[in-house]
Each structure stands twice: as C-alpha cells, then as structure tokens.
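See below for the structure under consideration.
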Amino acid sequence: MLVVTVNYPETSTTFIDRFLASAEAYRVPVKILSNKVDAYDEDELHYLDSLITLYTQIGYPCFKISALTGEGVDAIREELKGRVTLFSGHSGVGKSTSSMPLFRAGSQDCGNISLSQQGNAHHHFSEMFPVPGDGYIIDTPGIKGFGTFDMEEEEIGHYFPEIFKTSANCKYGNCTHRQEPGCAVRKAVEEHYISESRYTSYLSMLEDKEEGKYRAAY
C-alpha cells in the first residue's frame with residue numbers, strides 16, 4: 001500500500017512513479033491508498049479523481065480513505081485479509097495514522113523488523129502488526145525521497161506497464177523513447193494515450209541513470 005496525499009503534504013507523481021517502477025522491478029504488487037480525503041477542497045478532490053483514473057487504467061488498484069473520519073476503512077480491511085501488506089509513503093501522509101489504529105488486531109506488536117529504506121527517515125525500523133483476517137501490516141518509516149536500485153537504461157521502460165506495452169510498436173527494439181525515429185511511445189504521449197506525467201517520470205529515471213545516481217543492489 002503506497003499511501004499518498006494530494007496536499008498536506010503533496011505526493012508528487014514523480015515519487016509515485018519511481019515507487020511503482022521499483023516495485024515492478026521486483027514484481028511486488030502495489031495498491032495506492034489516498035489519505036486525508038476529508039481535508040481536500042473541490043479542486044483537490046477533482047485532481048485526486050484524475051490521479052485515480054490514471055493509475056487505475058494502468059492497472060494499479062486505488063482507494064480513497066480518511067483516517068480521521070473512517071471513510072474507506074472497511075474496503076482496506078478486506079484488502080489486508082490473508083496478506084502481509086507493507087505501508088509506505090512520505091512522512092506526514094498519515095501512513096501510521098491510517099495503518100495502525102484502524103487496522104490492527106490488538107495493541108501488541110509482533111516485533112520490530114529491519115527493512116532497507118531509500119532516502120531519509122525519522123527512524124530506522126519497521127514494525128509488523130497482526131490485522132483481523134489472518135493478515136499482517138508492516139508500518140515503515142516515512143520516506144522523504146526515493147532513489148532506485150541499479151537498472152539498465154533499456155530496462156527502465158519495462159517497469160512502466162503502459163510504456164512497455166506500447167514500445168512493442170517502436171521502430172527500433174532498443175528505443176529509449178527520446179529522439180529515435182518511429183517511436184510509438186512518444187506518439188502515444190502526443191496523442192494522450194500515455195500520460196505526460198508518467199513519461200516525464202520515465203525520462204527523469206533515465207537522467208538519473210546517466211548522472212550515476214542509481215544505487216547498486218545489495
């Protein structure tokens with residue numbers, strides 16, 4: 001569960017896309033949980049709905065929740081049954097607020113577990129808690145920034161499902177979808193079949209690769 005907020009604080013689409021691409025690289029399924037819906041004005045709710053439409057069409061299940069009012073909590077409880085679910089997101093998105101009091105089966109935790117964190121966090125350990133329905137949640141430290149493990153340039157597009165699918169129609173098999181002729185991906189962006197924000201996130205990851213910002217895998 002990637003917990004995001006469109007404000008208070010804002011979770012950028014670049015952060016969301018980097019998180020999703022890294023999860024795709026390790027074949028970890030992600031669901032997007034939009035918190036604090038009670039706090040948004042009409043424009044913010046409209047923007048949230050557009051984000052939900054975007055990511056749902058790509059294939060990422062999305063949920064709206066208010067940890068304050070309890071809106072959407074029952075749907076998330078169903079999603080947690082029989083699974084081990086990790087909650088992640090920026091500091092301040094209400095991740096711990098939404099994951100622990102609303103979903104935990106009891107007050108006793110199952111012990112601390114150490115997880116590798118990308119970026120800076122307020123603390124270094126994650127905690128696992130039982131939830132009703134034979135599931136567990138892992139509450140992680142808030143992430144300020146998100147880097148990615150080492151990826152080859154030609155692999156990055158594989159972790160954006162809509163880009164990977166469209167790239168089959170590119171003229172060149174090793175197309176990086178920047179300046180190459182006959183690029184089906186750039187055409188799809190121009191025709192709004194691929195979101196410009198997603199394409200921008202993809203390009204930013206390519207730039208990180210060129211600038212040597214990727215971390216080697218452990």
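The values are calculated or read from the model by the stated rules, or taken from the named source; none is laboratory data. Because the structure is predicted, anything quoted here is derived from the model rather than measured. Please note: Cβ atoms are built from the backbone with ideal geometry, for glycine as well, and neighbour counts cover all protein chains shown. Only protein heavy atoms, including side chains, enter the accessible area calculation; ligands, DNA and RNA are left aside. Shrake-Rupley method; radii C 1.70, N 1.55, O 1.52, S 1.80 Å.
Scanning region 163-190 for residues that are open to solvent by 100 Å² or more (accessible area, probe 1.4 Å), out of contact with any Cys (no Cβ under 8 Å at 6 or more places or on another chain) and not in a helix (DSSP H, G or I) gives Asn174, Gln179.
Would you mention how many residues in region 13-30 are open to solvent by less than 50 Å² (accessible area, probe 1.4 Å) and outside any helix (DSSP H, G or I)? Matching residues across region 13-30 total 1.
Every residue in region 67-88 that is among the polar types (S, T, N, Q) and more than 23 Å from Asp17 (Cα to Cα), please.
The initial filter retains those residues of region 67-88 that are among the polar types (S, T, N, Q), namely 69, 85, 88.
Within region 67-88, just Thr69 meets the criteria.
Look at (1) under 30 Å from Tyr159 (Cβ atoms); (2) modelled with pLDDT of 95 or more and you find that Lys36 fails only one, number (2). State whether one or more residues within region 32-41 are in contact with a Gly (Cβ under 9 Å, 6 or more places away or on another chain), assigned to a helix (DSSP H, G or I) and among the β-branched types (Val, Ile, Thr). Yes: region 32-41 contains one or more residues that are in contact with a Gly (Cβ under 9 Å, 6 or more places away or on another chain), assigned to a helix (DSSP H, G or I) and among the β-branched types (Val, Ile, Thr).
Each residue in region 31-42 was checked for being surrounded by fewer than 14 Cβ atoms within 10 Å (Cβ to Cβ) and touching a helix residue (DSSP H, G or I) at 6+ places or on another chain (Cβ under 8 Å), and 0 of them qualify.
Within region 43-68, being surrounded by 12 or more Cβ atoms within 10 Å (Cβ to Cβ) and either in contact with an Asp or Glu (Cβ under 7 Å, 6 or more places away or on another chain) or of a type in the set (D, E, K, R) (or both) holds for Glu44, Asp49, Ile58, Lys64, Ile65, Ser66, Leu68.
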